[in-house]
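The values are calculated or read from the model by the stated rules, or taken from the named source; none is laboratory data. All figures in this text were calculated on a predicted structure; none of them were measured in a lab. In this analysis, Cβ positions are derived from the backbone assuming ideal geometry, glycine residues included, and neighbour counts consider all displayed protein chains.
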Amino acid sequence: MIAFVKGRIDDISEENVVLDVGGIGYNIKISTGTAASLPGIGEEIKLYTYTCVREDMFSLFGFLTRDELEIFKKLITVNGIGPKGGLAILSAMSADDLRFAIISGDAASISKAPGIGKKTAERVILDLKDKISIEDTLVQKEIHQYSDCNGRGDQHAKNEAVEALTALGYSATDALHAVKAVQIEDDMDVETVLKLALKNMF
């Protein structure tokens, strides 16, 4: 329903962030890892969101990357794992660590999340093992290491371009290689990086 929310941080806690978007405050549930990665009050950020609508609740769950949002969506398809449980797991471990735990059958690591017992962790592994490949897991880890190398504005543009290409249907490997090949100039925006990266796809 709501793909992302971009706004100024008004308040942050371990489980929530309030974003001021045109004078309206959006209360968005986040993982503790996301909370720790956010800039300070008054800074502008973009969160990719999952909308949960129930009879007695309307909630937004926010993530700094599309990748984390996608692994969250996979988690909540597992019987017994709702949005709250999915966020609890991603608070206990990163998306990369979760993928490796699923592939290796490491239920003990997953069950460290609050409210997630051993049987539920085993169900996560059983249900998602065929939906996660070791190749994609290694590529995503490389993307995240690439993203963490520095915090410059041009790096942010590259990260956004990689995510945009994967959203268009390109593989994470091809997207990463195409964006890496772009020669970044000062103040180059995401759209420009994306256009140049697309040329590298052909």
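General observations
- Looking only at the range 31-75, and only at residues there that are among the aliphatic types (A, V, I, L, M) and without any contact (Cβ under 8 Å) to a residue 24 or more places away in the chain, the one that is farthest from Ile125 (Cα to Cα): Met57
- Among the residues of the range 17-66, those identified as in a strand (DSSP E or B), hydrophobic (A, V, I, L, M, F, W, C) and surrounded by fewer than 16 Cβ atoms within 10 Å (Cβ to Cβ) are Val21, Ile24, Val53, Met57, Phe58.
- Candidates Ala197, Ala172 - the one that is buried (at least 16 other Cβ atoms within 10 Å of the Cβ), in contact with a Leu (Cβ under 8 Å, 6 or more places away or on another chain) and either under 21 Å from Glu70 (Cβ atoms) or at pLDDT below 80 (or both): Ala197
- Selection count, the range 95-119, where residues are aliphatic (A, V, I, L, M) and surrounded by fewer than 19 Cβ atoms within 10 Å (Cβ to Cβ): 2
- Residues (surrounded by 15 or more Cβ atoms within 10 Å (Cβ to Cβ) and within 25 Å of Ile89 (Cα to Cα)) located in the range 1-14: Val5, Ile9, Ile12
- Tabulated pairs, the range 7-23, first under 10 Å from Ile41 (Cα atoms) and in contact (Cβ under 8 Å) with a residue 60 or more places away in the chain, second hydrophobic (A, V, I, L, M, F, W, C) and surrounded by 15 or more Cβ atoms within 10 Å (Cβ to Cβ), C-beta under 8 angstrom, 6+ apart or interchain: none
- Tally of residues being assigned to a loop (DSSP other than H, G, I, E, B) and either on the phi < 0 side of the Ramachandran plot or at pLDDT 90 or above (or both) across the range 67-104: 8
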